[in-house]
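> Following this message is one structure expressed as structure tokens.
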Amino acid sequence: MGQSSRPLSTVERAFEILNLLWKLDGAGPTEVAERLDVPDSTAYDYLRTLSDTPFVTREKGNYRLTHHFLTIGGKMRYRNRLFQIARREMKRLAAETEELVGLTVESDGQALVLHQERGAQALSLGTYLGAATPMHTTAAGKAILANLPEERVADIVAEHGLVTRTEHTITDPDALHDELEQVRSDGYALDWDEQVIGMAMIAAPIVTDDQIASMTVVSPTNRLKQASYQEELLQQLRETVNTVVINYKYGT
């Protein structure tokens, strides 16, 4: 048992070091050893081995991640069929609404930005492809949660908790349950200042045979709270999602 588990522990430690290099934006063996509470020699051996791969480079005694992760991430995204189908419709929707349009998927219990298209008056939020946020803090995540099995939702909440992003973030499990029931009933999700003060979001789920995602339109809160504007965006969003789902199901 010990021999079979040792390689897995080694791999786990290697990923701990990769994550640490990301958080620190580079580090030397001594700092890695202190952070992970391992001998300097162990940290050095790991770093030297990792630097023999395309993922880590050594610069003046420090070890840093390379852009190879970006290469891998980009290839993964372009292999994603939903991205390939949705991006055309997202570009059109962003041009029509002049807002920020996003495509979100669930990844390890978090809401991950797979793609964005910017309209002429889109908010500049500093978000980026691959950014991950707690599912309960955005309409994008809630639209996905509402369409997941209840056991999966419970697992996500148990693992990640209901962290606070702003004073408007839902942090009570019962309140989240009621919110998700409303999302299921309405067929779309909203959030007002729950992730960022001044930012609102409307999201519609994308449900296919093999995945659940969501498409969003992001707007300043005061603009989206105008009932007529909200209804207009919702109609455009629903039409876009419907087109994406049909193309995903029947397209080649």
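> Quick check: the angle from helix 40-50's long axis to the longest principal axis of the chain, C-alpha only, nearest 10 degrees?
Around 60 degrees separate the two axes.
> Working from Cα positions, state the angle (0 to 90°, nearest 10) between the long axis of helix 81-97 and the longest principal axis of the chain.
For 81-97 against the chain, the angle is about 50 degrees.
> Indicate the gyration tensor shape class of segment 72-250 (rounded, prolate or oblate), computed on the Cα atoms with a ≥ b ≥ c the square roots of the eigenvalues: a/c under 1.5 is rounded; otherwise a/b larger than b/c is prolate and the rest oblate.
rounded
> Sum -39500 (n - 2.57) across every DSSP H segment of at least 4 residues in the chain, then divide by the residue count to get the 222 nm mean residue ellipticity, nearest 500.
-16500 deg cm²/dmol
> Still on this structure: Using unit Cβ charges (K, R positive; D, E negative) and no other charged atoms, how large, in debye to the nearest 20, is the dipole of segment 75-185 about its Cα centre?
So the dipole magnitude of segment 75-185 works out to roughly 980 debye.
> In addition: For segment 183-222, what relative contact order do you get, as a whole percent, if you take Cα pairs closer than 8 Å and at least 6 residues apart?
Worked out over segment 183-222, it gives 34 percent.
> Through the Karplus equation 6.51 cos²θ - 1.76 cosθ + 1.60, θ set to phi - 60°, convert the phi angles of segment 160-174 into ³J(HN,Hα) values in whole Hz; use x for Gly and Pro.
For segment 160-174, the Karplus curve yields 9, x, 10, 5, 8, 9, 9, 5, 9, 5, 6, 10, 9, x, 5 Hz.
> For residue 172 and residue 223, what is the calculated FRET efficiency with R₀ set at 30 Å and r taken between the beta-carbons, to the nearest 0.05?
Efficiency, from the Cβ-Cβ distance: 0.60.
> Still on this structure, please answer the following. Got the relative contact order for the chain handy, in percent, Cα pairs under 8 Å and 6 or more residues apart?
15
> Report the one residue of 68, 215, 139 whose Cα lies farthest in the direction of the positive end of the charge dipole of the chain (charges on C-beta: Lys and Arg +1, Asp and Glu -1; origin at the Cα centre).
The residue sitting farthest along the positive end of the dipole is 68.
> Report the paramagnetic label zone for residue 209: residues of segment 215-252 whose backbone N is under 14 Å from a point 7 Å from Cα along the Cα-to-Cβ axis.
Zone members listed by number: 246-252.
> Next question, about the same structure. Starting from the Cα gyration tensor of segment 149-250, take the square roots of the eigenvalues, sort them a ≥ b ≥ c, and report rounded, prolate or oblate (rounded when a/c is under 1.5, otherwise prolate if a/b is larger than b/c, else oblate).
The shape class here is oblate.
> Follow-up question, since we're still on this one. Determine the dipole magnitude for segment 2-66: charges of +1 sit on the beta-carbon of Lys and Arg, -1 on that of Asp and Glu, nothing else is charged, the reference point is the Cα centre, and the result goes in debye to the nearest 20.
Numbers: 8 positive and 10 negative charges, 30 e Å.
Approximately 140 debye in magnitude.
> Report, in debye and to the nearest 20, how large the dipole of the chain comes out about its Cα centre when Lys and Arg carry +1 and Asp and Glu carry -1 on their Cβ.
On the way: 25 positive and 36 negative charges, 263 e Å.
For this selection, approximately 1260 debye.
> As I understand it, the value is the acute angle between the Cα axis of helix 2-24 and the longest principal axis of the Cα atoms of the chain; what does it come to in degrees, rounded to 10?
Long axis of 2-24 versus the principal axis of the chain: about 70 degrees.
Any read-out appearing in this document is the output of simple, stated calculations on the displayed coordinates, not a laboratory observation. The shown structure was predicted, so the numbers you read here are calculated from the model rather than taken from an experiment. Glycine also receives a Cβ, built like all others from the backbone with ideal geometry; neighbour counts cover every protein chain displayed.
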